[in-house]
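**Student:** One structure, as structure tokens, below. Some questions next.
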Amino acid sequence: MAKKSFLITSLVFLFFSSSHLCADTGDGGYAGAFQQSGLGARALGLGGAFVGVADDATAGFFNPAGLVQIRVRAFGAFFRKMTLDRRLSYITFCQPIREEAAISIGWINAGVKDVMGRNENGEITEEIKNYENIIELFFARKILEKLSVGVRIGYVQYNLANINAYGIGFGFSAFGKPIQKLRLGAAVENIGMKYSWTSGDYWKKFDLLGSSSKDNFPINLRFGASYLFLKDRILISTEIDKSEKQKEKIHLGVEGWILEKLAARAGYDKGSLTLGMGLRQKMRSTILGFDYAFVSSRVGDDPDHLISLQLEF
């Protein structure tokens with residue numbers, strides 16, 4: 001039993017560590033590290049510089065205050081397959097309110113699949129679950145003609161080897177247009193967010209005592225700007241984000257609409273080059289959007305390929 005208990009303890013510790021994506025790049029090692037991987041193929045094609053753009057279905061994840069720019073209902077979905085069998089996905093829905101406010105809800109799922117537990121003889125004993133979910137509610141409202149504020153409320157759940165942790169957190173943001181074509185954004189994230197772990201139920205089946213602990217999400221700050229020129233066909237964007245546990249990171253991006261329906265993107269994301277493309281097709285009163293991004297991986301040798309879909313109706 002001692003060997004088995006030691007082995008299980010080692011596995012839990014190992015996969016708890018590995019679940020924090022990109023841990024050896026400086027982006028991991030803390031609760032909610034999967035957030036550092038980025039969301040949305042358009043935003044990541046722009047190097048992650050999106051807090052000063054925030055004008056599509058993903059706006060709530062970057063800057064909820066930017067949701068006031070959305071004039072019609074919008075639905076978005078995203079999937080990212082990474083090295084080491086990691087995956088990240090989301091779905092989100094946005095609803096404008098009288099051209100002065102907007103509300104949105106989003107669900108993010110991250111995890112590692114095909115993780116198998118083994119005993120002291122190397123025999124497979126069980127599949128160890130390792131996934132995280134965040135459900136967030138976003139709200140934005142104009143307080144001045146060219147200034148809006150936003151709030152986010154998030155509920156997070158983590159399942160690791162059938163041990164569950166839960167938490168609730170908040171975020172606030174601002175979005176403004178001081179002059180025509182220039183947009184500024186700022187956001188603070190993960191206020192009060194933490195995992196509360198209790199492992200007693202899991203260890204009880206091995207006649208062992210569990211424990212309780214808390215794992216705090218680092219508070220993160222974002223500041224950014226974007227500018228449109230050449231009749232809004234070219235967008236340039238920049239952003240700085242700073243976590244209380246990490247050094248500041250710089251993001252840069254450029255987007256150009258080569259044709260009316262086709263866009264090309266390039267960006268700089270924390271030392272990595274990103275590339276992307278976007279396609280928009282109008283069908284009666286509905287606009288279907290497809291976005292793709294190529295991101296060089298900082299964990300392993302293979303790059304990441306990201307796909308997003310957006311529906312405006």
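**Student:** Too long at a 18 Å Cα-Cα cut-off: which of 214/249; 261/282; 242/270; 245/270? Each step should come with its number before you reach the end.
**Tutor:** Numbers: 214/249 27 Å; 261/282 9 Å; 242/270 12 Å; 245/270 16 Å.
Result: 214/249 exceed 18 Å.
**Student:** Calculate, in nm to one decimal, what residue 221 and residue 288 gain on full extension: separation in residues at 0.36 nm each, minus their alpha carbon distance. Please list the in-between numbers first.
**Tutor:** Numbers: separation 67, 0.36 × 67 = 24.12 nm, distance 3.19 nm.
Extra length from residue 221 to residue 288 when fully extended: 20.9 nm.
Each value in this text was obtained by applying a stated rule to the coordinates, not by laboratory testing. What you see is a predicted model; the values in this text were computed from it and never measured.
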